[in-house]
Amino acid sequence: AVHHTGDERDVVAYARDTEKIVREMKHVFGEYPQFENNTYTFIADYLPWAHSDGMEHRNSTILSSPAPLEFSRHGLLGTVSHEFFHAWNVERIRPKSLEPFGFEEANVSGELWFAEGFTSYYGPLVMCRAGLTAVADYARDLAAAINTVTLSPGRRLRTAEDMSRLAPFVDAAAAIDRTSFENTYISYYTWGAALGLGLDLSLRHRTEGRVTLDDFMRAMWEQFGKPGGRLIGYVDRPYTIADARTVLARVSGDAAFAEE
């Protein structure tokens, strides 16, 4: 469902490219989730008065932006790719720190570098695999993430888990206290994406290409996401960092590597 101002041909092209993303995403996990209503709905509002946002849900996502489809389709599709990956990672592969989710207080999680960050790694990667992003442009995006994490002084002050726990102060929140976040904070989206790249390259290098991050994500899906829950919309087996470490040890065949 696309609400926009402009030429309908832009919607047709947008729908075509969204289908490419959806089909390519399946190759990461080997299957689609079992959506409760047997459908997944993209609700896109690209209107001059809209705010830029993307929010995942179990069976749908809401996408909004004031940018027009005619000139901004590629960037808007980047959000499509990110949010659809969440149908597996976060909505069903859920950290234990977010279960049960509370709507009356901040839900503090140290795993957002994985939940959001690895999703931020895969969103552009799937776009590239689907032929929607040129390899050179994709490489420049990776370089930007690497440079941000490598050069930021915040990396010396807090871990990726610490940055994740700061989400209530930086993600769509407002604070009146004076901070020096530009020197002390790295987004868990960015740091997590860089960690995803590092782990993917490490697995490929150690196994001469036999094992990739796809294998790890698929294993996490099979153990924690796919089993689902006894009640619709619930996850009976949320993961901890110790769980993720155990899965990585099994996938890589090296417990010491997983611990490191």
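Of the residues making up region 45-63, those that are over 19 Å from Arg9 (Cα atoms) and either of a type outside the set (A, V, I, L, M, F, W, C) or over 21 Å from the mean Cα position of the chain (by Cα) (or both) number 12. For region 205-233, taking the residues that are assigned to a loop (DSSP other than H, G, I, E, B) and touching a residue at least 24 places away in the same chain (Cβ under 8 Å), the one that is most open to solvent (accessible area, probe 1.4 Å) is identified as Ile232. Selection of region 1-22 for residues being surrounded by 12 or more Cβ atoms within 10 Å (Cβ to Cβ) and part of a helix (DSSP H, G or I) yields Asp10, Val11, Ala13, Tyr14, Ala15, Asp17, Thr18, Lys20, Ile21, Val22. Taking the criterion of being open to solvent by 50 Å² or more (accessible area, probe 1.4 Å) and either of a type in the set (Phe, Trp, Tyr) or in contact with a strand residue (DSSP E or B) (Cβ under 8 Å, 6 or more places away or on another chain) (or both), the only residue of region 234-246 that qualifies is Tyr234.
From the list Glu36, Glu105, Glu31, which residue is at pLDDT 95 or above, assigned to a loop (DSSP other than H, G, I, E, B) and open to solvent by 50 Å² or more (accessible area, probe 1.4 Å)? The conditions single out Glu31.
Taking the conditions exactly as written (over 23 Å from Ala87 (Cα atoms) and surrounded by 19 or more Cβ atoms within 10 Å (Cβ to Cβ)), does Ala145 satisfy them or not? Taking the combined requirement at face value, the residue satisfies it. Within region 46-61, the set of residues being closer than 15 Å to Gly75 by Cβ and either open to solvent by less than 40 Å² (accessible area, probe 1.4 Å) or of a type in the set (Ser, Thr, Tyr) (or both) comprises Tyr46, Ala50, Ser52, Gly54. From the list Arg178, Arg165, Arg94, Arg156, the lone residue that is open to solvent by less than 30 Å² (accessible area, probe 1.4 Å) and out of contact with any helix residue (DSSP H, G or I) (no Cβ under 7 Å at 6 or more places or on another chain) is Arg94. The selection criterion, being surrounded by fewer than 14 Cβ atoms within 10 Å (Cβ to Cβ) and either in contact (Cβ under 8 Å) with a residue 60 or more places away in the chain or among the basic types (Lys, Arg) (or both), does not hold for Arg129.
The values are calculated or read from the model by the stated rules, or taken from the named source; none is laboratory data. Computed from a predicted model, the values in this text were never measured in an experiment. No Cβ is skipped: glycine too gets one built from the backbone with ideal geometry, and neighbour counts run over all protein chains shown. SASA here: full protein model, heavy atoms, side chains in, ligands and nucleic acids out. Shrake-Rupley method; radii C 1.70, N 1.55, O 1.52, S 1.80 Å.
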